[in-house]
Amino acid sequence: MALNTEAKYPSRRTYVVKIRSDANSDRLAGRLENLTTGRQHVFASGQELVDSIAIDLQASDAKPTADSK
């Protein structure tokens, strides 16, 4: 049996999502921050939040970190 050395939840994929005080269910808005890299993305909708996560994951996959070893 092969041992998977990649963590199921690597720290490079840890985020803080801050929701604006004026956001509501019809208008989600806030800021996403990657805790490892410090990269931040501002979003003005749920779709932009998901897109921001996807962009950040693509950027982190392009640059291996200590977690990926």
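Rule-based calculations on the coordinates, nothing more; no lab input. Just so it is clear, the structure is predicted and the values come from calculations on it, not from any experiment. We place every Cβ from the backbone using ideal geometry, glycine too, and count neighbours over all the protein chains shown.
Okay, here's what the table says:
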| read-out | value |
| --- | --- |
| Full-stretch length increase - residue 26, residue 14 - with 0.36 nm per residue and alpha-carbon distance subtracted | 1.7 nm |
| Helix 46-62 axis, angle to the chain major axis (alpha carbon atoms, nearest 10°) | 30 degrees |
| Computed magnitude of the charge dipole of the chain (debye, nearest 20; Cβ of K, R +1, Cβ of D, E -1) | 220 debye |
